Amino acid sequence: VPGGAVTVDEARVLVERIDRLVRTRVTLHDAVSAAYRAASAKAPTDPMLADRLDFGRAALREQVELQFSNELDQLDPQVRPLRVSAMELLTGIESIDGLRNLRGLSARATQAVLRDALGALLRSTSTTHENDTTTEERHG
């Protein structure tokens, strides 16, 4: 597409991928949230459990990166890890738990929040600012 414009078909496909991920994550949350909260509470004193939780989080992050690789690959290399981190945070069990249990949102309302936020992140092509830092800069 000339000038990097997004076609109607590409936009529809993005909406469908967002919807699929959101429905899957809310369903996952509803299935595992009680056990996840218990495991998270015990993880600081159980290294094996902490490793399993880290493995699960990494798998969910990888799923986000794979599901939206087309959009993420078009971003400035400095923006990409920031965007992935935001998407990971939004779709993580802890965040969904906050929407469902702390905010009292229904599964449907939670899905609407996540679809809106992910759509905004994936449609934005803004670049990084001088004062922004990447994950590697903060942790390395």
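The values are calculated or read from the model by the stated rules, or taken from the named source; none is laboratory data. Bear in mind the structure is a predicted one, so any value in this text is a computation, not a measurement. Neighbour counts run over all protein chains shown; Cβ positions are idealised from the backbone, glycine included. Each accessible area value is taken on the protein alone, full model and side chains, heavy atoms only, with ligands, DNA and RNA left out. Shrake-Rupley method; radii C 1.70, N 1.55, O 1.52, S 1.80 Å.
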Does L105 satisfy the condition of being in a loop (DSSP other than H, G, I, E, B) and either open to solvent by 30 Å² or more (accessible area, probe 1.4 Å) or without any contact (Cβ under 8 Å) to a residue 60 or more places away in the chain (or both)?
yes
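Restricting segment 57-71 to residues that are touching a residue at least 24 places away in the same chain (Cβ under 8 Å) and either of a type in the set (S, T, N, Q) or in a helix (DSSP H, G or I) (or both), which is least open to solvent (accessible area, probe 1.4 Å)?
Of segment 57-71, the ones touching a residue at least 24 places away in the same chain (Cβ under 8 Å) are 57, 60-61, 63-64, 67-68, 71.
Within this subset, residues satisfying the condition of being either of a type in the set (S, T, N, Q) or in a helix (DSSP H, G or I) (or both) are 57, 60-61, 63-64, 67, 71.
Values: R57: 85, L60: 41, R61: 61, Q63: 70, V64: 1, Q67: 49, E71: 35 Å².
Among those residues, the one meeting the criterion is V64.
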For segment 84-102, what are the residues that are free of Cβ contacts under 8 Å to residues at least 60 places away in the same chain and in contact with a Phe, Trp or Tyr (Cβ under 9 Å, 6 or more places away or on another chain)?
V84, M87, E94
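Within segment 96-140, which residues are of a type in the set (K, R), at pLDDT 95 or above and more than 20 Å from R61 (Cβ to Cβ)? Spell out the reasoning first.
Residues of segment 96-140 that are of a type in the set (K, R), as a first pass: 100, 103, 108, 115, 123, 138.
When the remaining residues are screened for being at pLDDT 95 or above, the result is 100, 103, 108, 115.
Within segment 96-140, R100, R103, R108 meet the criteria.
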